[in-house]
Amino acid sequence: MKTGAGWSRVARMTGQALLTLASIVVLVFLLVRLIPGDPVKVILGVEYTPEKAEALRAQLNLDKSIPEQFGTYIAGLFRGDLGESTSQRGRSVVEVIFEALPTTMSVVVTGILIGVIVGISLGLYAAISKRKGVDLAIRTWGMLSFSVPTFLVALLLIFVFALNFGWLPAGGWPNTWPENLPYLILPGIALSAHLSTTIARTVRQGAIDVMGQQYMEAAAARGLPAKTLNLRHILPNSILPVLTLVGISFGTLLTGAIIVEAVFGIPGLGAEMTRAVGRRDYPVVQGIALVTGFTVVLSSYVVEIAYTLVDPRARTL
Amino acid sequence: MTTSTTPLLTVEGLNVHLGGRDVLHDVGFTIAKGDSLALVGESGSGKTVTARVVTGLIDRINGKVTGGSVKFDGQELVNAGPGTWTALRGKRIALVPQASLSSLDPVMRIGKQLAETIAVLDPGADTGARALELLDQVQMPRPEQILRAFPHELSGGMRQRVMIALALAGRPELVVADEPTTALDVTVQAGILKLLGDLRKETGMTLLMIAHDLAVVKMVSENVAVMRAGRLIEAGPTKTVLTVPVHAYTQALLAARPETSTPGSPLSILDRETGELRSPTATERVATEGKRIVQLDNVSVTYRHAAAPAVAPMSLDIHEGASIGIVGESGSGKTTLGRVIVGALAPSTGEVLVHGKTWKQIRGRNPLRRDVQMIFQDPYGSLTPWRTPRHAVAEVLRRWTDISAPDALDRAGQLLEEVGLPTGVFDKYPAKLSGGQCQRVGIARALASEPRLIVADEPTSSLDISAQAQILNLLMSLRASHGLSLVIVSHDLSVIRHMTDEALVMRHGVIVEHGASTKLFSDPDHEYTRQLVDATPTLA
Amino acid sequence: MKQRQPFFALPWLRLAFGVSASRTIGVVVFSIIVLMCIFQPIFSPYQANEFVAMAFQPPSWEHPFGTDAVGRDLFVRTWEGGRINLVAAAIVTGFSLILGTTLGTLAGSSRRRWIDSLIMRVVDAVIAFPLVILLLALVVVIGTDRAWGPAPAGLIASMVALMCVMWAGYARMARGQSLAMRESDFVLATRVSGLSNSRIVLRHIAPGVGRITLALAVSDIVLVVTILSSLPFLGAGVQPPAAEWGSIMYEGRGFLRQAWWITLLPGAVVAITGLSLSFVADSLLDSRSKK
């Protein structure tokens, strides 16, 4: 088995991931520096006095030249220091972010779990079932699910399950585990709506492709029963792409999570971001952009490595 | 048909409906136990559909048997229930599918796939031991290693042996082999065909073989039935049908094999209107001077990260009016060499000189670019899907001459007529054309530059047999009328022998022999050439 | 001589009203919605931003979508808001399609590797960002305070932000396609025939790339509409009291229990718009693969 070639692929992907990370760092830096007008004025608002402005400017390193600012920025990154929040005095950006991160991650993970399970089941069922209308019904559900914005799904879920039936809470967030669980269900479902659609579509197409493959026909001709065909041959071959899909969708999932948090009132990264945007808290905005960008690159990278391990064909490329 | 032994498979009046049309009309044949029958035909003849009916796979592709009967050992197969098929599939009737990478589950090891089948067909058997036994039966080297391998790690020939092993797992009485050696190299094919012959002697199994190549049939089956457009048009013992065919279509299939005609003469083709075989007259040869057009000087090609060169250092001169063949199996480097000659690929060492200039020096509008053109193997793949034939050819004309747009379209039409393309398709998109028609467009496009040399890379391999003869005739006549030089790259020895004056035999990038075509194939010097000649199925 | 083809054979017509039933349904329903957005506010007795009746009225003949929290007619607000969503989505998608396809084709067909690497690194970085984060960050940069001509406050910022981000997906797809095509036999054939590079890219590579990205664009319009309507929930995008699908639904979120129609009826319109467009996009993809 030529695993040597597999390692060169890993090396290549690592290089690319690092390059992308570097570009994100630069992009985020440039982003914030693009602000028209004087940021200090905006932050201080009514409290503006020349002395305070000087002090704030110095604090934010805005009095130094751009290359110097970039240098400080990079140096700070390596130290793990992302600066201080300007709206929440006394708290470092790192503090703000990493307090909110686990909350958002739990929403994302719930969404992924539900999305993957529902998506794979529906996708396979749509492909395999011989009953008329099943395929069309699932595809239409898919299109519908895609057309309804996530926040609307969230609102609908609240309307039906929380307000009408009262089964699940309509929002909020107790900070302790495991009380969190019921509060994760509706947000998780809302978040999974788009993901499960994409997964179902891919799995369905994958299963259809597999079923048309020659080895399926050859296996059927050998007398292998349908159940064996489905479980041992169609399933493994069609869920391979799901792995890559989840990795690619991580960015979209974070986006969706933020919206879901906004609707359900969950204090995650989304809430922090919205607050920071409203208060022009540039360090926090910058910090969140950086951390989320990194997470997304990292997740695609991890998924690609995992794919190399799982698919025997990928190992020789 | 032999009547001394009991018939195992009897097909009578079979009619099948598929994809909105009737694809089989009143097909009937019988195979006696232990005997063999080959179903021969081009694409669309219905031979594969017949195989699917016999193996019970017709439902999978939404086909329907609308009439007739198929009896296996007295049991009716048409519209038989799942229970019947469970008892038959693999255990009494087995399928060996076409050779391809996707005939095995790509993510499951060979051993596991064998074990799975053995467990279903031979419950209670020791799967490990039986798997080894089967691999042994198909003459597979190093069976223990094979068990642990994945399908993409095996060569095409080895995969086919695995498919045969899988088919034998249930000890079937009837084996249906659907084009088992198409897409395999000639030497590998010879091995598989020999294996099938050995297995028949060993196990007494009955063989129904689907093929498109009459020469292959001659090697493997005692009886043959020719199919065309869903009908069986001729059947009988192979020896008889191949030597004294009755139907014009069968005669045409035989005539399409170049080895049945004198080298260099036009091949007989079936006339569409009269249904008779017609021998076109040879075109008058235009005189040429014999100047040197292309020179390859110590050229070699090594791909990045490759251990060995795809083409080992070689030199070659191509003169006006020459006709050169490049023969080899897959991986021999013949396609690479073809592309280097045309300037589509840069050599790693050495130079390719066209009238004294290298391809690197020939840029932009240098008219030397016109002199060497190419025809590609995949007729559909070589045409831009969103350009009509007329526009594709006119484009080239406008590039090289000062002709106006409307005049270019007219002239393009003339060229397309010259290569025999029906007027009705001049302005249709390639998807609507047949393979043979697309190939003609490719030829017209190549001619539009008024080249001195055309490199044809497997010009007929992707075409049906009837189209093959026509394209070969076209190439010969164009060469004569335009005074062209031809370089033909092919794996098919009979095509090379027929079309070329001199030939190079390549193996793993190395030219092992280079000489006059007639001598090469009747009295080869090199061991490998001899192997190739021996392994090639021939009707001669 | 080239014949004049009958009108019905025109490719764009076939594309719009093609063979499949789902595509026809999709086109018809979408056209109805577009027509409603254009004409209903013109013929409606009510203005979108005026207080015309009692607040919280449920749907009735006079007010098919009921009235909202301050007594505005929701029917006319929905269709007037729809104008903004659809026009903005069309502009954003169109711009992204053109810019992305151009850059991507350039990256994929260029012989110089540094062009390819440069463009793709930027593309990767842009794609890596979660859309909303980048959007919000850009919105901060551009500002949501001022209205620009007919566009309400916040819309321009959102559109620019979206345009900065969405082109990247097209670029990646276009690059992949043109790279694959560059290696194909038919492109090789054009090079051997001696055609100029610009001709090869324009007439042979680009049309193929364009088809794929166009199919993506149609389904992307749905996405843009969705995103635009989601923005008010994050404090960005079109701000109330301007009428836009998102802002209307945002305003109604607190009244789900007593006045569900404020949020859910415009929501239904959004869903149907998206569904009809998806039908069209789906059938475009299907006919490709039926070869």
- request: May I ask you to list the GluC sites (Glu not before Pro) in segment B:252-304 that are in a DSSP loop and have at most 12 other Cβ atoms within 10 Å of their Cβ?
  value: B:Glu273, B:Glu276, B:Glu284, B:Glu289
message: Once you place label points 7 Å from the Cα toward the Cβ at B:Asp317 and B:Arg272, how far apart are they in nm?
response: 4.5 nm
- line: Dividing the surface of the Cα convex hull of the protein assembly as shown by four yields a projected area in nm² of 52.7 nm²
- request: Kindly express, to the nearest 10 degrees and within the range 0 to 90, the angle between helix B:405-418's C-alpha long axis and the longest C-alpha principal axis of chain B.
  value: 50 degrees
- prompt: Taking every DSSP beta bridge that has both residues in chain B, what percent is antiparallel when rounded to the nearest 5?
  reply: 55 percent
query: In the neighborhood of C:Val123, defined by Cβ-to-Cβ distances under 13 Å, what is the net charge if each Lys or Arg adds +1 and each Asp or Glu adds -1?
result: +1
message: Can you tell me how segment B:231-309 classifies by the Cα gyration tensor, rounded, prolate or oblate, using a/c under 1.5 as the rounded cut?
response: oblate
- line: segment C:216-245 and segment C:23-77 have their Cα centres apart by a whole-number Å value of 18 Å
- prompt: According to the square roots a ≥ b ≥ c of the eigenvalues of the Cα gyration tensor, what is the shape class of segment C:10-289, taking rounded for a/c under 1.5, prolate for a/b larger than b/c otherwise, and oblate for the remainder?
  reply: prolate
For residues of A:235-241, the mean tally of beta carbons on other chains within 10 Å: 1
task: Going by C-beta contacts inside 10 Å, put C:Ile38, B:Ile58 in order with the fewest on the left.
output: C:Ile38, B:Ile58
statement: Two pseudo-spin positions, 7 Å from Cα along C-beta at A:Lys132 and at B:Ser434, lie apart in nanometres by 3.7 nm
query: For B:Arg21 and C:Gln47, what does the FRET efficiency come to when R0 = 56 Å and r is the distance between their Cβ atoms, rounded to the nearest 0.05?
result: 0.35
field: Cα shape, segment A:108-281, gyration tensor, a/c 1.5 rule
entry: prolate
Cβ-based exposure ranking for C:Val238, A:Val303, in which fewest neighbours within 10 Å come first: A:Val303, C:Val238
message: For a Förster distance of 22 Å, can you work out the FRET efficiency between the beta-carbons of B:Asp427 and B:Glu289, rounded to the nearest 0.05?
response: 0.05
task: Name the residue, out of A:Ala162, A:Ala219, A:Ala17, whose mean-square fluctuation peaks in a Gaussian network model built on chain A with Cα pairs under 10 Å.
output: A:Ala219
field: Span from the segment B:382-439 Cα centroid across to the segment B:1-77 one, whole angstrom
entry: 42 Å
task: Please give the FRET efficiency for B:Asp122 paired with B:Leu101, using the beta carbon to beta carbon distance and R0 = 35 Å, rounded to the nearest 0.05.
output: 0.80
message: If neighbour count is taken as other Cβ atoms inside 10 Å, put B:Arg200, C:Arg172 in order from fewest to most.
response: B:Arg200, C:Arg172
field: Across B:Lys291/B:Lys519; B:Lys47/B:Lys201; B:Lys91/B:Lys432; B:Lys64/B:Lys428; A:Lys132/A:Lys227, pairs whose alpha-carbon gap is larger than 31 Å
entry: B:Lys91/B:Lys432; B:Lys64/B:Lys428
task: Within 10 Å of each Cβ in peptide A:17-29, how many partner chain Cβ atoms are there on average? Round it to a whole number, please.
output: 4
- prompt: Rounded to the nearest 500, what is chain B's calculated 222 nm mean residue ellipticity when only DSSP H runs of at least 4 contribute -39500 (n - 2.57) each, over all residues?
  reply: -10000 deg cm²/dmol
- prompt: How long is segment B:372-447 along each principal axis, judged by its Cα atoms, biggest number first, in Å?
  reply: 31, 29, 22
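Every read-out reported here was derived from the displayed coordinates using simple, explicitly stated rules and does not represent laboratory data. Just so you know, these numbers come straight off a predicted model, no measurement behind them. A quick note on method: Cβ atoms are made from the backbone with ideal geometry, for glycine too, and the neighbour counts reach across all protein chains shown.
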